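K.L.:
Take a look at the following structure, please.
Every number here is computed from the coordinates shown, using simple stated rules; none is lab data. Computed from a predicted model, the values in this text were never measured in an experiment. FYI the Cβ positions are ideal-geometry reconstructions off the backbone, even for glycines, and counts take in every protein chain you see.
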Amino acid sequence: MAEPLRIGIAGLGTVGTGVLHLLETNRALVRARAGRPIEAVAVSARDRNKDRGVDLSGLRWADSLHDLAADKDCDVVVELVGGSEGDALDLARSALSAGKGLVTANKALIAHHGLELAGLAERHSAPLKFEAAVAGGIPVVAGLREGAAANAIERIYGILNGTSNYVLSEMEASGADFADVLAEAQAKGYAEADPAFDVDGTDAAHKLAILAAIGFGARIDFDGVAVSGIAEVRASDIAHARTLGFVIRLVGVADCEAGPSGSRLLQRVRPCLVPDHHPLAHVTGATNAVVAEGDFAGRLLFQGAGAGAGPTASAVVADLIDLARGRTGHPFSLPVGELAAMERADPGHRVGRDYIRFTVADRPGVLAEITAAMRDAGVSIESLIQHGRAQDGGEVLVAMVTHEGEERCVTRALELLSGASSLTAAPLVLPILRD
């Protein structure tokens, strides 16, 4: 029998224990598909005495992450500590520098330090894998890097955060507002006690930056992702969208455009109106879905559970099976030196349609003021909804959908309205997702 692939696991939370449980439950299947056994030989976590519901008696306990990275009996380190800096980054650097393979589910680590770690992996002939860092158990990293390798990818977009999608889906089903649904999601364990990374779009931005680098052969640029979260979406916006034939989803979109000195990359995460007939409109609950558009393959849809012990452990072990087979490859599809340093695209000339919601004082002339600003900025209005007199405060919601036009025109219209006394809150602009 071939020698086993020996792994050390850093972090024994839900995913770490999930990996151990999967390796034990599917031991024979994993061995058959990997061509040799995959054996956990060492672990490290903060609390040595905690009952985690898995048998750790046959494993060596590393008292520090440094000891785990230096363990000569470990071929691969599985990093499940989390966080973009500190212990996780130190462990990743140490493991790769020691020539060990690194498998991680840490999206923040890869989004912030992926290029550095890929460079270390190249210099030390150490494989780096991170399927579990994007969309849990959905094999989208492998799908882009291998399955769609013959295609020029034209656009990547999708629902990349399950918590936000759950909140928006529940708002849609119940008619409740954001704060109430978020509190319920926290009570049920679907949202963290501090949900900021999820609802403000940061988690989705990490994943989008990784996918864009793989799909477009680009140097990863997390700081270039423009991010807006879902906290400003109201129940009335959900209702307006439904009336117009749309649903609202938090969508990450990345695409390239030709520029005079090379391709320019546009990366954005923001709530969008998604047409009822689009596949993403039917993605509900804590599900993730990614669409990649290739020049020959056409539209590819990857959908499934984006988080959780089982799906994430599945992706981690899939990476381990690849390593056991000797399938490594470049983490971002190309050698680090061949990844393009793409300029950031200016979205102002992009053509599209928008939903714009204004919160205004209930007095004569307000609607005329808004439409005049739209006219002067060159924005054509397709439809308009005025949402009755509020019961308290005398505020009215005015929502409109624009005809296709350049994005800079909407930006200019809002600049013209900036500081207007008739507006009682900042306008909300939600783009309509292009088919």
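K.L.:
Any chance you could get the radius of gyration and Dmax over the Cα atoms of segment 5-133, in Å?
P.N.:
My reading of the Cα-based Rg and Dmax gives 13.9, 39 Å.
K.L.:
Additional query: Subtract the Cα-Cα distance of Ser421 and Glu404 from 0.36 nm times their separation in residues, and report this length gain in nm to one decimal.
P.N.:
Once the chain is fully extended between Ser421 and Glu404, it gains 3.3 nm.
K.L.:
Just need the relative contact order of the chain here, percent rounded to a whole number, with Cα pairs under 8 Å and 6+ apart.
P.N.:
Rounded, it is 16 percent for the chain.
K.L.:
Please report how many Lys pairs in the chain have alpha carbons closer than 25 angstrom, counting only residues at least 8 apart along the chain or sitting on separate chains.
P.N.:
Lysine pairs, 8 or more places apart or on different chains, close enough: 10.
K.L.:
Calculate how large, on average over all directions, the projected area of the Cα convex hull of the chain is; give the answer in nm² to one decimal.
P.N.:
Over all viewing directions, the chain projects a mean Cα-hull area of 22.8 nm².
K.L.:
Then there's this: Once the Cα gyration tensor of segment 350-431 is found, what semi-axes does its equivalent ellipsoid get, as square roots of 5 times the eigenvalues, in whole Å, sorted largest first?
P.N.:
For segment 350-431, the semi-axes come out at 22, 13, 10 Å.
K.L.:
Next question. Among DSSP beta bridges whose residues both lie in the chain, state the antiparallel percentage, nearest 5.
P.N.:
70 percent
K.L.:
I'd like the distance separating the alpha-carbon centroids of segment 35-82 and segment 284-343, in whole Å.
P.N.:
Segment 35-82 and segment 284-343 have Cα centres spaced 25 Å from each other.
K.L.:
OK, next. Ranked highest first by average number of other Cβ atoms within 10 Å, how do 223-236, 151-164 line up?
P.N.:
151-164, 223-236
K.L.:
HN-Hα J couplings of segment 294-305 from phi, Karplus 6.51/-1.76/1.60, θ = phi - 60°, integer Hz, Gly and Pro as x?
P.N.:
Running phi through 6.51 cos²θ - 1.76 cosθ + 1.60 with θ = phi - 60° gives x, 5, 10, 6, x, 7, 10, 10, 10, 9, x, 5 Hz.
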